[in-house]
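The numbers here are math on the coordinates, done by the rules we state, and not lab data. What you are looking at is a predicted structure, and each value in this text was computed from that prediction instead of being measured. Ideal geometry is used to build each Cβ from the backbone, glycine not excepted, and the neighbour counts take in all protein chains shown.
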Amino acid sequence: GQNIDQPTEMTATEGAIVQINCTYQTSGFNGLFWYQQHAGEAPTFLSYNVLDGLEEKGRFSSFLSRSKGYSYLLLKELQMKDSASYLCAVIGNDYKLSFGAGTTVTVRA
Amino acid sequence: GAGVSQTPSNKVTEKGKYVELRCDPISGHTALYWYRQSLGQGPEFLIYFQGTGAADDSGLPNDRFFAVRPEGSVSTLKIQRTERGDSAVYLCASSYDDGGDSNQPQHFGDGTRLSIL
């Protein structure tokens, strides 16, 4: 089975930085995705990591350590529109995408 | 270009009824996925199509659930004898299969919110 853990909620101030951690125990590993989901909307793709290290894409960066079964999503220069749920998802040996429960980020003015 | 389209956006029906949920994937995407998402949870895998065939249906909860993709494009998720526990948002996603080892991101539709009374 797949087990993916991430914090339930985080709150941060506009302009600040927030780091969302994700740990996973899966049957094999073939990549890790981060998605953003606003309430009532579709999850939208943010980043993909398959090798160890940091992937930077504008204000968002994602890090992976396969040996530790660990990833984080870093959101910089937070904006009010970044308030959303952030989903960590892993592809294991079964090539299916297994999602964590999501982290709800609330950005305060 | 158009994204993944799902209809209806909302469906309310009585327990015991039959429902069909439709997904129109992004043009050219050969892989299509159905997920179910309950409040406060991440999407849960149901079934995966590669072309017309169901490559993996291990996530379907029981035999009341069935999905088809007869022409390798539009897919329909069918639920028979609906139960209150079936209430959830049903998400469809599609991706481009380049035949290589890279994992192409799945692109999601807005989902169908199904409520069983």
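Between B:V89, B:V74, B:V12, which gets the highest mean-square fluctuation from a Gaussian network model of chain B, Cα cutoff 10 Å? Its mean-square fluctuation being the largest, the pick is B:V12. Residues considered: B:G16, B:G42, B:G72. Largest GNM mean-square fluctuation over chain B, using C-alpha springs under 10 Å, is found at B:G42. What separates the Cα centres of segment A:65-100 and segment B:5-37 is a distance of 25 Å. Zone of A:D52 (label point 7 Å along Cα→Cβ, backbone N under 20 Å): which residues in segment A:30-46? Flagged as within label range: A:30-33.
Sorted into 5 angstrom bins from 0, the C-alpha pair distances of segment A:15-64 split as 5, 16, 25, 26, 18, 9, 2, 0 percent. Using the alpha-carbon positions of chain A, Rg (one decimal) and Dmax (whole number) come out as 13.3, 43 Å.
Can you tell me what share of the DSSP beta bridges in chain A is antiparallel? A percent to the nearest 5 is fine.
On the way: 37 of 42 bridges.
Rounded to the nearest five, the antiparallel share is 90 percent.
Taken over the alpha carbons of the protein assembly as shown as equal point scatterers, the Debye sum produces base-10 log I(q)/I(0) values at 0.08, 0.10, 0.11, 0.13 Å⁻¹ of -0.29, -0.46, -0.55, -0.77. Counting only residues at least eight positions apart within a chain, or on another chain, the lysines with an alpha carbon under 28 Å from that of B:K17 are B:K78. Between the amide H of B:D110 and those of B:Q6, distances stay under 5 Å, these residues lying 5 or more places away or on another chain, with hydrogens modeled in the peptide plane.
Modelled spin-label separation between B:V68 and A:F29, with each label point placed 7 Å from Cα along the Cα-to-Cβ direction: 4.2 nm.
Site pair B:D57 and B:T76 shows an inter-label distance of 1.5 nm when each label is modelled 7 Å from Cα along Cα→Cβ.
A Gaussian network model of chain B, with springs between Cα atoms under 10 Å, assigns the largest mean-square fluctuation among B:S95, B:S58, B:S73 to B:S58. Residues whose amide H lies under 5 Å from that of B:S87, counting only those 5 or more places away or on a different chain, are B:I116; hydrogens are built 1.01 Å from N in the peptide plane. Electrostatic bookkeeping for A:A16 treats Lys and Arg as +1 and Asp and Glu as -1; over the other residues with beta carbon under 15 Å from its beta carbon, the sum is +1. The HN-Hα couplings worked out from phi for segment A:46-51 by the Karplus form 6.51 cos²θ - 1.76 cosθ + 1.60 (θ = phi - 60°) are 10, 7, 9, 10, 10, 10 Hz, whole numbers, x standing for Gly and Pro.
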